[in-house]
1. Restricting to segment B:30-86, what's the tally of residues that are among the polar types (S, T, N, Q) and under 20 Å from the mean Cα position of the chain (by Cα)?
2. Restricting the search to segment B:112-128, which residues are under 13 Å from B:SER169 (Cα atoms) and either exposed (fewer than 13 other Cβ atoms within 10 Å of the Cβ) or among the charged types (D, E, K, R) (or both)?
3. Please specify each residue of segment B:194-253 satisfying the condition of being part of a helix (DSSP H, G or I), touching a residue at least 12 places away in the same chain (Cβ under 8 Å), crowded, with 18+ Cβ neighbours inside 10 Å and within 14 Å of chain A (Cβ to nearest Cβ).
4. Given (1) within 28 Å of A:VAL43 (Cα to Cα); (2) surrounded by 15 or more Cβ atoms within 10 Å (Cβ to Cβ), identify the lone condition not met by B:LYS12.
5. Restricting the search to segment B:106-132, which residues are closer than 25 Å to B:PHE54 by Cα and not hydrophobic (A, V, I, L, M, F, W, C)?
6. Residue under question is B:ASN335, and the condition is that it be over 18 Å from B:LEU253 (Cα atoms), more than 24 Å from the chain's Cα centre (by Cα) and crowded, with 19+ Cβ neighbours inside 10 Å; does it hold?
7. What are the residues in segment B:567-587 that are at pLDDT 85 or above, exposed (fewer than 14 other Cβ atoms within 10 Å of the Cβ) and among the acidic types (Asp, Glu), if any?
Amino acid sequence: MNILEQVQEIFRDVFDEETLVITETTSAKDIEDWDSLTHIQLVTKIEKHFKIRFTVSEVTKLKQVGDLIQLIESKTL
Amino acid sequence: MNDLLKQLHELKPQNEEYTELLKWSRRIDKQGLSFENVPKIKVAVCGSRNTQFFTKILQVFLMNQGLQVSLYEGEYDSIRYEILNPESDLYRFQPEILILLPNTSDITRYPALLDSSKQVDELVEETAAYYRNLWDTVLTQNPCVILQANFVLPLENALDQLEINVPYSKTVFISKLNLALMDKPKQVHLIDENGLSNEIGKSKWFDPANTFLNKAPYAYEHLPHTVWIYLRKIMSIRGTYRKVLVLDLDNTLWGGVIGDDGVEGIQLDPNNAVGEAYLSFQSSVLSLKEKGVILAVCSKNEESNAKLGFTHPNMRLKIQDIACFIANWNDKASNLKTIANSLNVKTDALVFFDDNPAERLIVKQFCPEVEVIDVPEDPSFYSSALYHAHAFDWPQITKEDLLRIKAVEGDLERENLKTQFVDYEAYLKSLDMSAVAGRIGTAQIERFVQLTNKSNQFNLRTQRVSEADVIEMMKDENCACISVDLSDRFSPYGIIACTILKKQGSNAFIENWVMSCRVLNRGVESLTLNLLILQAKAWGCDRLIGEYIPSLKNEMVSQHYLKMGFTLIKENTYECDLNKHTISESHILLKENL
């Protein structure tokens, strides 16, 4: 599974929607339940899954899935 | 129950990740999950930290326990506003339970460097007084139970090793403040978040990024454990807690198998690491017994062999410590039922400790209501496993808990006495029972609440009360909280019966009547009725009205009022005409009126 697919699995888990599909441009306005609270859960799950830690400034700058993927790539290389 | 509710019920939320619990919270909201015919409990959460996840996860825990809950969450950093403003939404909500979550960062004034102990103590007192004032304000305006987190000692401190060597350090100040908060009204229960942070390890507990990002004082991964403490407190205040520890013998209390190895062969050597581990576990068990936990043995053994183990000179547990001893070859699930029956408790009061995973599995499967402790392979960790399960996290320890152990031991002697009498009346006389009874005072409140909330079987209306409720009722002249404190020639029992009587015009209504099943058929029932009649007559009432509300567990008292000479007036409602009824004789000597 590539990073996007792995992240998609995490999104599906957090939002409890087995068929959810995300792309690099998916952002909070595309997913109804993506609010500040689910955002925290996404970050926790992603950090745990990829065994990485985002800095506070990185977390606050995340706007869309593409940002996430880039960050994960930069930290797991 | 629908499938989702069933799944939720089977969840062990304390073992789940916080993200999983939040998912459950959303499912509950989205699907409108709720239990039918379950009364709602009203819980409010106010904190000077982010409480959103805490509140959501608390709801999952409460529903997991089969409780329907109505929650109110104060705004961020709203403790002072909600409590000091009499018009606040908190008071409009009228919580039964108020959870206050202050933060160590709320403390703005610390001792100055070089302050004396006396100056430090004054500041401690001043800070504690602020919280006591908040509690008093709440309790006057809205009687309820308050759960408040204590202050978590920080991990990093400017004074390093001096922290514990000088009186003016933050470490000393916060520790003293936590102790000072112990001076509190009975309705306030402190929750040891600092203790939890120690258990988890402070370097794991704190997460500065989470604090700055989300205003959360600790890493969210610890939410399930944190909420679990609050849940246990709420459950135990409501009377749901365990009373009996059921122990296996071979490789649980000692190393080896008594049937094969004999009394000389079992491992209990204090000079051997393994023997020491078993002995240390026995000491832990004894310290639970001291606080009132009833001990039972459930072992696959010949009874004579099993008891032989207790003759080992190094045994710390003695055969007299065991209130119920079952050793046979039956399956443990049915033996647990026998144990519960003989101790007059339900199986949901049992905690099972057995080194054999197969036995644990059987019990989990056939008695899911029993708490099964996950016993580690190495006996060195038995004590930790026992403590970390927090199975006996009681809301208070009363005189009665400590007396119960004596009474259970006295039961054997009482049984022996019973066989000497053919006539039950003569047996009752020979017990030399005496009672101190009447309307309760402050000293009885704690036990009154405990017995009222934990009695399930002898409980006519299953009305639960909080200490706050009882304090209010004691002030009300149209209300009487009556208790009976019993002793016999073998042991004192403490308070074993509690009733609440309410004057409603010319009727006196029995709001609640509970009794400990340990003293069933001893004449306490008629003594209690006599007290109710006297109180009703003192109010000038003509009739005493009793009602039976069936619950899952109180079938045993369905005919209670008929047995007591009441007449049925409508379904489950009975009356006793006070102008006709005469006080019945009792074998219990009323020594003293409260």
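1. Total meeting the criteria: 4.
2. Quick first cut of segment B:112-128, residues under 13 Å from B:SER169 (Cα atoms) only: B:112-117, B:119-121, B:123-124.
Result: B:ALA112, B:LEU113, B:LEU114, B:ASP115, B:SER116, B:ASP121.
3. B:ASN214, B:TYR220, B:HIS222, B:LEU223, B:PRO224
4. (2)
5. B:ASP106, B:THR108, B:TYR130, B:TYR131, B:ARG132
6. Values: over 18 Å from B:LEU253 (Cα atoms): yes; more than 24 Å from the chain's Cα centre (by Cα): yes; crowded, with 19+ Cβ neighbours inside 10 Å: yes.
Taking the combined requirement at face value, the residue satisfies it.
7. B:GLU571, B:ASP577
Let's see how each residue does on (1) within 22 Å of the chain's Cα centre (by Cα); (2) hydroxyl-bearing (Ser, Thr, Tyr); (3) crowded, with 21+ Cβ neighbours inside 10 Å:
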| position | (1), (2), (3) |
| --- | --- |
| B:LYS318 | no, no, no |
| B:TRP329 | no, no, no |
| B:ALA340 | yes, no, yes |
| B:ASP355 | no, no, no |
| B:ALA358 | no, no, no |
| B:PRO376 | no, no, no |
| B:TYR382 | no, yes, yes |
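The values are calculated or read from the model by the stated rules, or taken from the named source; none is laboratory data. Source: prediction; values computed, not measured. Using ideal geometry, Cβ is built from the backbone for each residue, glycine included, and neighbour counts are taken over all protein chains shown.
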